[in-house]
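Notes for the one structure printed next.
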Amino acid sequence: MAHLRCDFYSDALGLSTSMTVLLPQQTRTQIGMAGTASDAPPPLLYLLHGLSDDDTTWLRRTSIERYAAPLGLAVVMPQVHRSFYHDQAYGGAYQTFLTEELPALVHSMFRVSDRPEDTFVAGLSMGGYGALHWALSKPERFAAAASLSGAVNITGLRTNRPRPDDPRMFERIFGDQPIPDSADLFALLSSIDVAECPALYVGCGTEDALEPDNRKLVRAIEDAGLPVRTSFVPGEHEWGLWDAEIRQVLEWLPLPADSTTESTER
């Protein structure tokens, strides 16, 4: 695969930011890793980082490049800091950046598919929330969305789990107002059109403090009449689990049948 670190200016944020990008490359002599590509623009996965991470962390702490290469899948990993992927009351317009500006920039810079059936989103922790929020808010854009150890109960997190390292985080994001229904996954599920909803995946380690919230979310998804793939396996809030789980997510994605062509390893 081709690996690009892109530094660019965001009008939505009013500052320079970055994204890490993996693009399919067909290879014949690369040792230890197949590389595949298609004549058609490749399917695209937006892969979102967690609260204490940045756009490089998925690449540095998992084998996402090795897992994506044989699938002919492009991967875009944007930088959003501690925004919870929202337009902040006192800060940057990160939801506008993620959902409007970033896709336009990606499609202007790279040859990747713009078809909803070829477009996916996934993330971990804060990024798991961000992935599901984006998919439930804009279901017409995605074929599938996955959350790994997601911070899915944002209202509960604000109320019950203040962060000693960033005590005013939610005030910075939402001001002094209650979290709106438009930011709450459970509220979004209550109004989702079943026919439009992308395929959903929810995974979490059974020793993770976020597991109860994730099981609650699964019940809400099922109550909404939506199918959901689940993965509750032994593990904590850590990268060993996420490396294994992202591989499962990639195998689960409804990739188009012609997204890869055969290549040879030596």
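Can you name every residue in region 15-58 that is under 30 Å from Phe84 (Cα atoms) and over 22 Å from the mean Cα position of the chain (by Cα)?
Leu15
Yes or no, residue by residue, for (1) modelled with pLDDT of 95 or more; (2) more than 13 Å from Phe84 (Cα to Cα); (3) charged (D, E, K, R); (4) not in a loop (DSSP other than H, G, I, E, B):
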residue	(1), (2), (3), (4)
Ser147	yes, yes, no, yes
Val152	yes, no, no, no
Thr155	no, no, no, yes
Thr159	no, yes, no, yes
Pro162	no, yes, no, no
Asp165	no, yes, yes, no
Glu171	no, no, yes, yes
Asp176	no, yes, yes, no
Ile179	no, no, no, no
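Please find, within region 72-113, the residue that is surrounded by the most Cβ atoms within 10 Å (Cβ to Cβ) out of those that are of a type in the set (D, E, K, R) and in a helix (DSSP H, G or I).
Selected residue: Glu101.
Select from region 238-251 the residues that are of a type outside the set (Phe, Trp, Tyr) and surrounded by fewer than 18 Cβ atoms within 10 Å (Cβ to Cβ) and list them in ascending order. Please lay out each step first, then the result.
Step one: filter region 238-251 for residues of a type outside the set (Phe, Trp, Tyr), giving 238, 240-241, 243-251.
Passing the criteria: Glu238, Gly240, Asp243, Ala244, Arg247, Gln248, Glu251.
In region 181-190, which residues are assigned to a helix (DSSP H, G or I) and either in contact with a Leu (Cβ under 9 Å, 6 or more places away or on another chain) or under 17 Å from Tyr85 (Cβ atoms) (or both)? I'd like the intermediate steps shown before the answer.
So the first thing to find is which residues in region 181-190 are assigned to a helix (DSSP H, G or I), and the list is 181-183, 185-190.
Scanning region 181-190 gives Asp181, Ser182, Ala183, Leu185, Phe186, Ala187, Leu188, Leu189.
Within the group Glu251, Glu236, Glu207, Glu196, which residue is within 26 Å of Ala74 (Cβ to Cβ), in a loop (DSSP other than H, G, I, E, B) and free of Cβ contacts under 8 Å to residues at least 60 places away in the same chain?
Sole residue among the options that is within 26 Å of Ala74 (Cβ to Cβ), in a loop (DSSP other than H, G, I, E, B) and free of Cβ contacts under 8 Å to residues at least 60 places away in the same chain: Glu196.
Filter region 210-231 for residues that are assigned to a strand (DSSP E or B) and either closer than 12 Å to Leu132 by Cβ or not β-branched (Val, Ile, Thr) (or both) and give the result.
As a first pass, look at region 210-231 and keep what is assigned to a strand (DSSP E or B): 228-231.
Of everything in region 210-231, those that are assigned to a strand (DSSP E or B) and either closer than 12 Å to Leu132 by Cβ or not β-branched (Val, Ile, Thr) (or both) turn out to be Val228, Arg229, Ser231.
Please go through region 114-136 and give me each residue that is surrounded by fewer than 21 Cβ atoms within 10 Å (Cβ to Cβ) and either under 18 Å from His81 (Cα atoms) or free of Cβ contacts under 8 Å to residues at least 24 places away in the same chain (or both), ordered by number.
Answer for region 114-136, where residues must be surrounded by fewer than 21 Cβ atoms within 10 Å (Cβ to Cβ) and either under 18 Å from His81 (Cα atoms) or free of Cβ contacts under 8 Å to residues at least 24 places away in the same chain (or both): just Arg115.
Does any residue of region 193-207 turn out to be within 21 Å of Gly235 (Cα to Cα), surrounded by fewer than 20 Cβ atoms within 10 Å (Cβ to Cβ) and at pLDDT 95 or above?
Looking through region 193-207, at least one residue is within 21 Å of Gly235 (Cα to Cα), surrounded by fewer than 20 Cβ atoms within 10 Å (Cβ to Cβ) and at pLDDT 95 or above.
Consider only pairs whose beta carbons are under 6 Å apart and that are at least six residues apart or on different chains; among these, list those whose first residue lies in region 32-55 and is over 25 Å from Leu148 (Cβ atoms) and at pLDDT below 95 and whose second residue is crowded, with 16+ Cβ neighbours inside 10 Å and β-branched (Val, Ile, Thr).
Gly35/Thr27
Within the bounds of region 210-219, is there any residue that is without any contact (Cβ under 8 Å) to a residue 60 or more places away in the chain, of a type outside the set (Phe, Trp, Tyr) and farther than 16 Å from Gly150 by Cα?
First pass over region 210-219, keeping only residues without any contact (Cβ under 8 Å) to a residue 60 or more places away in the chain: 211-212, 215, 218-219.
Those still in the list that are of a type outside the set (Phe, Trp, Tyr) too: 211-212, 215, 218-219.
Going one step further and asking which of them are farther than 16 Å from Gly150 by Cα, we end up with none.
No, region 210-219 contains no residue that is without any contact (Cβ under 8 Å) to a residue 60 or more places away in the chain, of a type outside the set (Phe, Trp, Tyr) and farther than 16 Å from Gly150 by Cα.
The values are calculated or read from the model by the stated rules, or taken from the named source; none is laboratory data. In this text, all values refer to a predicted model and were calculated from it rather than measured experimentally. Because the Cβ atoms are built from the backbone with ideal geometry, glycine has one as well, and the counts that use them run over all protein chains shown.
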